[in-house]
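Beneath this line is the structure, given in structure tokens, with notes to follow.
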Amino acid sequence: MLDRLEPQAPDALLALIKMYAQDPREDKIDLGVGVYRTNDGATPVFRAIKQAEQRLVDTQDSKSYLGPEGDKQFVDALKPYIFGSDKGTNDRIEGMQTPGGTGAVRLAVALAQQAGIERIHMGVPSWPNHAQILGDVGVETAPFDHASKDGSADLAAVLDAIANARETDAILLHGCCHNPTGVDYTNEQWDAIAQALTDHGVLPIIDVAYQGLGHGLEEDAYGVRRVLASVPEALVAYSCDKNFGLYRDRVGAFYIMAAKPDQIEAILSNANALARANWSMPPDHGGAAVRTVLHDDELTAAWLAEVEDMRTRMRKVRNRLAAADSEVPSLNLAALAEQNGLFAVLALSKDQIAQLREDHGIYMAGSGRINVAGLHEGNTDRFIAALAEVTRD
Ligand code: LMR
């Protein structure tokens, strides 16, 4: 039976990690997978997380099962950061822990399907795994353009998708720091999107994977809070992998906002059953570390300072690239200063991307997506010079 299976191409982004690791050049530059790097090119464990982990080692007295919903205190401790303090909304929101943001997106899509959703509108380009999850769950994808050519978000396209949605449609939106483009909706655009979702009764699924890496934890929550204040129901997928630096520990949460508080239990029981069939229970360690940080004022302050350092450094890199706009006239580097988070897409051809990799040891996704955190004071000038060279003609 098993030899009937056709070989599958490896995930392009994950294959890039391997290719980079095998490149012996000392001055190679990794702009591939979305992990934050310091000015020295390291991805250290957050200091606040290290301390929280030490406390867990010292005090944890059991690793017995928690259940499909995972660590409820972790899930609840995140809530004010994501949803703010509005009581009317918060009384209708409940969540559960998931294996990473991916687990949360998967749960959101599967739950939506269980509730009757057949098709999900999605701005493209998007994180490649979004389309894979939709396909795997068996929900149709209806693509619309996420960004305009000038490097800003295409509001008309998203409003058009919402206005033309069928009763059995939902829409998947990135809460902030759009992956791969870095192009976010402005607050005014979120206002219009929230109104349109309400007017047309379309279920939003909001993926928040990079909160705090754009303009700040509060600022980056504008979209999700604005939409949830307006619509009756919503699903939110959340990742702590980037803003707590917990990538491989797979730390995520999934929240539902019900129309009425007394509907929450039934909705969550469906999510619980889906989680049980998929992964049974989420891994505990990373969520427990986040909970430990958020239950302690000193560790929380240390965490907030670390997130601010990340954000400030990435803003600096973005501004440096934007200042080089005239050196690489074909790429609109100036737009990067207005964009947010780890990513930006450069309008490079496949050949130019290959040339950057082969001739200059510069690794980026095949879509032209770069992880700006892979750049620092020691390699940015070389990167800009290489871009200028491959785009010269
Ligand atoms: C990325 O887009 O690079 C990250 O979200 C990592 C991943 O799982 O793809």
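Below are the figures for this structure:
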| item | result |
| --- | --- |
| Scattering profile of the stretch 43-173 at q = 0.13, 0.16, 0.23 Å⁻¹ [log10 I(q)/I(0), Debye over alpha-carbon scatterers] | -0.80, -1.05, -1.33 |
| Whole-number percent relative contact order across the stretch 98-254, with pairs defined as alpha carbons under 8 Å at least 6 apart | 30 percent |
| Modelled label reach - residue 382, point 7 Å along Cα→Cβ, the stretch 2-30 residues with backbone N closer than 13 Å | 24-30 |
| R0 of 51 Å, Cβ-Cβ distance residue 33-residue 266: FRET efficiency to nearest 0.05 | 0.85 |
| Where labels lie 7 Å past Cα in the beta-carbon direction, separation of residue 330 and residue 76 in nm | 5.7 nm |
| Cross-link partners of residue 149 among aspartates and glutamates (Cα-Cα below 19 Å; sequence separation of 8 or more within a chain) | 160, 184, 325, 338 |
| Reciprocal of mean inverse Cα separation for the chain (Kirkwood radius, Å) | 21.8 Å |
| Residue-wise HN-Hα coupling along the stretch 310-321, computed from phi with Karplus coefficients 6.51, -1.76, 1.60 (Hz; x: Gly, Pro) | 4, 4, 5, 5, 5, 5, 4, 4, 4, 5, 5, 5 |
| Heavy-atom surface of the chain, accessible at 1.4 Å and reported per residue (Å²) | 45 Å² |
| Relative contact order (%) - the chain, alpha-carbon pairs under 8 angstrom, separation at least six | 26 percent |
| Solvent-accessible area, 1.4 Å probe, carbon plus sulfur percent, for the stretch 66-295 | 50 percent |
| Cα-centre dipole for the chain with unit charges at Cβ (Lys and Arg positive, Asp and Glu negative), debye to 20 | 460 debye |
| Residue 305 paired with residue 323, simple spin-label distance in nm, labels 7 Å along Cα-to-beta-carbon | 2.7 nm |
| Selection of GluC sites (Glu not before Pro), the stretch 161-264, meeting DSSP coil and at most 14 other Cβ within 10 Å | 167 |
| Pairwise Cα inverse-distance average, inverted: Kirkwood Rh of the stretch 27-85 (Å) | 15.3 Å |
| Residue (of 20, 62, 345) at the positive-pole extreme of the chain, dipole from beta-carbon charges | 62 |
| P(r) of the stretch 66-295 over all Cα-Cα pairs, binned every 5 Å from zero, in whole percent | 1, 7, 16, 21, 22, 18, 11, 4, 1, 0 |
| Part-to-part distance (alpha-carbon centres) for the stretch 33-62 and the stretch 357-393, which is given in Å | 29 Å |
| Interchain or long-range residues, amide H under 5 Å from residue 146's placed H | 124 |
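The values are calculated or read from the model by the stated rules, or taken from the named source; none is laboratory data. The structure displayed is predicted, hence computed values, not measured ones. All Cβ positions, even for glycine, are placed from backbone atoms using ideal geometry, and neighbour counts span all protein chains on display. SASA here: full protein model, heavy atoms, side chains in, ligands and nucleic acids out. Shrake-Rupley method; radii C 1.70, N 1.55, O 1.52, S 1.80 Å.
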